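K.L.:
So that we are looking at the same thing, I have put the structure below in structure tokens.
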Amino acid sequence: MSGITREPAEPDAFDVFAKACPSRGTLEHVTGRWGSLVLGALYEGSLRFNELRRRVDGVSEKMLSQTLHALERDGLVLREAQPVNPPRVDYELTPLGRQVAERLLALIHCVEGAMGDVLAARERYDTARGAR
């Protein structure tokens, strides 16, 4: 593994490659389609539910709600209900959420910057295999 260093394993160390490790579920929440986009959007600042839904184009209300619950449970997102009428709920990243989002945004920017190469590779692949 190039570039990846790990501390010596402790008896209680987490290992995402182990089937029963709880870190695997959190990794799924963070790297799933909606989790990564929600974390990236919230990195820009606190947003209300509908603002977040507009920012993460294509997410359904149900999926956004489920994603926010999972990220809140994992300690990455803070849900703050304001005592006003009508009710107001704001979502923002916790310090841990900001750490994770920074790393995700680096990956997102890497992918966005490489899309010319990706699209060319897809074209070569599809041409070589006679795809439509």
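K.L.:
In a strand (DSSP E or B), among the hydroxyl-bearing types (Ser, Thr, Tyr) and open to solvent by less than 90 Å² (accessible area, probe 1.4 Å) - does that describe any residue in the range 92-114?
P.N.:
We begin by selecting, within the range 92-114, every residue in a strand (DSSP E or B); these are 92-93.
Subsequent filtering for residues that are among the hydroxyl-bearing types (Ser, Thr, Tyr) retains none.
No, the conditions are met nowhere in the range 92-114.
K.L.:
In the set LEU39, LEU96, LEU52, LEU47, which member is aliphatic (A, V, I, L, M) and out of contact with any strand residue (DSSP E or B) (no Cβ under 8 Å at 6 or more places or on another chain)? Talk me through it step by step, then tell me what you get.
P.N.:
Details: LEU39 fails: out of contact with any strand residue (DSSP E or B) (no Cβ under 8 Å at 6 or more places or on another chain); LEU52 fails: out of contact with any strand residue (DSSP E or B) (no Cβ under 8 Å at 6 or more places or on another chain); LEU47 fails: out of contact with any strand residue (DSSP E or B) (no Cβ under 8 Å at 6 or more places or on another chain).
Of the residues listed, the single one that is aliphatic (A, V, I, L, M) and out of contact with any strand residue (DSSP E or B) (no Cβ under 8 Å at 6 or more places or on another chain) is LEU96.
K.L.:
Any idea which residue in the range 1-40 is farthest from HIS109 (Cα to Cα), counting only those that are of a type in the set (Ser, Thr, Tyr) and at pLDDT below 65? Show your work before the answer.
P.N.:
Of the residues in the range 1-40, the ones of a type in the set (Ser, Thr, Tyr) are 2, 5, 23, 26, 31, 36.
Filter again for at pLDDT below 65, leaving 2, 5.
On the way: SER2: 21, THR5: 23 Å.
Ranking the qualifying residues of the range 1-40, first place goes to THR5.
K.L.:
Same structure again: Restricting attention to the range 21-77, which residues are surrounded by fewer than 18 Cβ atoms within 10 Å (Cβ to Cβ), of a type in the set (A, V, I, L, M, F, W, C) and not in a loop (DSSP other than H, G, I, E, B)? First the steps, then the outcome.
P.N.:
In the first step, residues of the range 21-77 are kept if they are surrounded by fewer than 18 Cβ atoms within 10 Å (Cβ to Cβ); the result is 21-25, 27-28, 31-33, 43-46, 48-51, 54-55, 57-58, 60-63, 65-66, 69, 72-73, 75.
Within this subset, residues satisfying the condition of being of a type in the set (A, V, I, L, M, F, W, C) are 21, 27, 49, 63.
Matches in the range 21-77: LEU27, PHE49, MET63.
The values are calculated or read from the model by the stated rules, or taken from the named source; none is laboratory data. Keep in mind that this is a model prediction, so the values were computed, not measured. Glycine also receives a Cβ, built like all others from the backbone with ideal geometry; neighbour counts cover every protein chain displayed. Remember, those area values only see protein heavy atoms, side chains included, never the ligands or the DNA or RNA. Shrake-Rupley method; radii C 1.70, N 1.55, O 1.52, S 1.80 Å.
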